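Below: the structure, in structure tokens.
The values are calculated or read from the model by the stated rules, or taken from the named source; none is laboratory data. Just so it is clear, the model here is predicted, and its values are computed rather than measured. For accessibility, only protein heavy atoms count, side chains too; no ligands or nucleic acids. Shrake-Rupley method; radii C 1.70, N 1.55, O 1.52, S 1.80 Å.
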Amino acid sequence: METRNTPTDDENQYTCTYKYKCPNDSTEATHTILYKKATCTRVDDVILHFHCSRDSGCVKCQQNYL
């Protein structure tokens, strides 16, 4: 899984892009996730938006990042 972090205009947010194989049919997909940085290191960053290049409504893909 390849990862790329991209800062956004808001200093408390960043975007990550992941190359991923779809669990339904094993085709390659790109997942783009917008995160909001947590205020404490003991808490995970919050996912603000998830997008899959194949099917952004796929619940199986989204659950991998929760």
Test of understanding: what is the full-extension gain from S53 to K37, defined as 0.36 nm times their sequence separation minus their Cα-Cα distance?
3.4 nm
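Residue separation times 0.36 nm, minus the C-alpha to C-alpha distance between T15 and V46: what's the value?
Numbers: separation 31, 0.36 × 31 = 11.16 nm, distance 1.15 nm.
Contour length minus the Cα-Cα distance gives 10.0 nm.
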Please work out how much length the chain gains when fully extended from T27 to Y65, using 0.36 nm per residue of separation minus the C-alpha to C-alpha distance, in nm with one decimal.
11.8 nm
Quick one: what are the phi-derived ³J(HN,Hα) couplings along the stretch 30-38, Karplus 6.51/-1.76/1.60 with θ = phi - 60°, whole Hz, x for glycine and proline?
10, 9, 10, 10, 9, 10, 10, 5, 6
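Determine the order of L34, L66 by accessible area, beginning with the largest, at a probe radius of 1.4 Å. Don't skip to the end; give the middle numbers.
Values: L34 45, L66 165 Å².
The most accessible residue leads, giving L66, L34.
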